[in-house]
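Nothing in this text is a laboratory measurement; each read-out follows from the coordinates by a stated rule. Keep in mind the model is a prediction, meaning the values are calculated, not measured. Positions of Cβ are backbone-derived with ideal geometry, glycine not excepted, and every protein chain shown enters the neighbour counts.
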Amino acid sequence: MSPPDRAPDRAPDRAPDRALRAGSGAGIGGNSRYDALRALNSGLERADYSVVVKNRARMPTPWRWEIYRAGRQSPIAHSEQLFGSRSTANLEGKAALDEMLKKLRL
């Protein structure tokens with residue numbers, strides 16, 4: 001048996017992530033970007049998103065935050081700014097995650 005000839009119900013995961021990273025300095029931005037993500041997040045809960053702080057550059061400012069979603073290996077958002085301390089990057093990342101989740105209504 002072959003699968004039915006119908007279009008998938010949702011767009012590939014890559015398109016909204018690319019839009020999410022484009023533009024704003026925080027890696028997250030306006031409502032249209034979140035509308036695309038909102039369409040993809042069916043079945044996802046607040047706990048399915050997390051902030052990870054990574055050492056991505058050389059001293060004196062090597063740290064940046066990244067937001068991950070369950071089931072994905074690559075971040076869905078990240079900071080454009082690098083931070084001098086891991087704790088500062090973590091605080092800023094948590095604030096960005098809260099903002100994103102509010103816009104996603106999670």
Pop the C-beta distance of T88 and R58 into the FRET formula with R0 = 25 Å and round what comes out to the nearest 0.05.
0.90
Quote to one decimal, in nm, the extra length available between E80 and E99 on full extension: 0.36 nm per residue of separation minus the C-alpha distance between them.
5.2 nm
Rg to Rh ratio, region 46-106, alpha-carbon atoms and Kirkwood radius?
0.99
